[in-house]
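Visitor: Here it is, the structure in full.
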Amino acid sequence: MPSPIAHSVSGYVLAKFLPQEKLKYYPSRWWSWETFYPVFVAIFADFDFLPQLITGERFHRGITHTFVFAIGFSFIVSWLISYCRKSSFKQLFLFTLVIYSSHLVLDFFTATSGSGLQLFWPFTDTYLKSAIPFFPSVHHSRGLFDVSHFIFITWELSYSILIVGILWLWKNFRSSKFIE
């Protein structure tokens, strides 16, 4: 499964390509709303480890990794933010849903020895996973310093550099196009 690195970078880069309403009161810095919000939304599905720490029950890749949860989460968060900030609910909802869904898509394209994701739960209990994985699997049981982690981290960093590079090229192409 992709780590928070790939999910965060994907959410951030995707947010830069999507139209979004600029919310007031936040300066444009690395820790601004435009940076924090898409990164938070993109990794939120993996916060399902918190109940697992408390109860000992396995929650990862459960309900937070379904489209129903993505829609519910996007609705609630967008409604709260649009109410507090007097901004467009529809635009924020669609923005949040796309960013959250990016997490599900990345997890779908992961080489897992497990059964995959129940993306369409509660409508079906079918587990889905890509026949062609894009991300290597992580073997937590092998310990922190296993060589397989080096492969995984190298792959994720390469992926992150690639999509940030694409964003940089796109921004530079757009800005040079308007200069001429």
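Visitor: So, in the stretch 4-135, how many Lys pairs have Cα atoms under 25 Å apart, if the pair is 8 or more places apart or on different chains?
Guide: Within the stretch 4-135, the lysine pair count is 7.
Visitor: Can you give me the % of accessible surface on the chain that is carbon or sulfur? Probe 1.4 Å, all protein chains present, nothing else counted.
Guide: So the carbon and sulfur contribution to the accessible surface is 72 percent.
Visitor: Can I ask one more? Would you mind calculating the relative contact order of the chain from Cα pairs under 8 angstrom and at least 6 residues apart, reporting the percent as a whole number?
Guide: Reported relative contact order: 26 percent.
Visitor: Take the chain, connect every pair of alpha-carbon atoms lying under 10 Å apart with a spring to form a Gaussian network, then pick out the residue of Thr96, Thr110, Thr124 with the largest mean-square fluctuation.
Guide: The residue that fluctuates most here is Thr124.
Visitor: Under a 1.4 Å probe, what is the accessible area of the stretch 4-135 per residue, stated in Å²?
Guide: 58
Visitor: Note down the accessible area of Leu162, probe 1.4 Å, to the nearest 10 Å².
Guide: Accessible area of Leu162: about 100 Å².
Visitor: Quick one: order Lys86, Lys171 from most to least accessible surface, probe 1.4 Å.
Guide: Lys86, Lys171
Visitor: Sorted by accessible area with a 1.4 angstrom probe, largest first, how do Arg58, Arg85 fall?
Guide: Arg58, Arg85
Visitor: Continuing with the same structure: For the stretch 4-135, what's the radius of gyration and Dmax over Cα atoms, in angstrom?
Guide: 15.5, 46
Visitor: Now for a different question. Take the Cβ-Cβ distance between Leu169 and Lys129 as r, set R0 to 45 Å, and report the resulting FRET efficiency rounded to the nearest 0.05.
Guide: E between Leu169 and Lys129, to the nearest 0.05, is 0.90.
Visitor: At 222 nm, what helix-only mean residue ellipticity would the chain give, in deg cm²/dmol to the nearest 500, using -39500 (n - 2.57) for each DSSP H run of four or more?
Guide: Mean residue ellipticity at 222 nm (helix-derived): -19500 deg cm²/dmol.
Visitor: Just the accessible area for Ser101, please: 1.4 Å probe, Å², rounded to the nearest 10?
Guide: Surface accessible to solvent at Ser101 totals approximately 20 Å².
Visitor: Separate question: Provide the solvent-accessible area of Tyr127, counting protein heavy atoms only and rolling a 1.4 Å probe, rounded to the nearest 10 Å².
Guide: Its heavy atoms expose roughly 110 Å² to the probe.
Visitor: To continue, here is another question. Expressed in nm to one decimal, what extension gain is obtained for the pair Leu157 and Leu18 from 0.36 nm per residue of sequence separation less their Cα-Cα distance?
Guide: So the extension gain works out to 47.8 nm.
The values are calculated or read from the model by the stated rules, or taken from the named source; none is laboratory data. Predicted, not measured: the structure shown is a model, and the values here were computed from it. Counting neighbours? That spans all protein chains shown, and the Cβs are built from the backbone with ideal geometry, glycine included. SASA here: full protein model, heavy atoms, side chains in, ligands and nucleic acids out. Shrake-Rupley method; radii C 1.70, N 1.55, O 1.52, S 1.80 Å.
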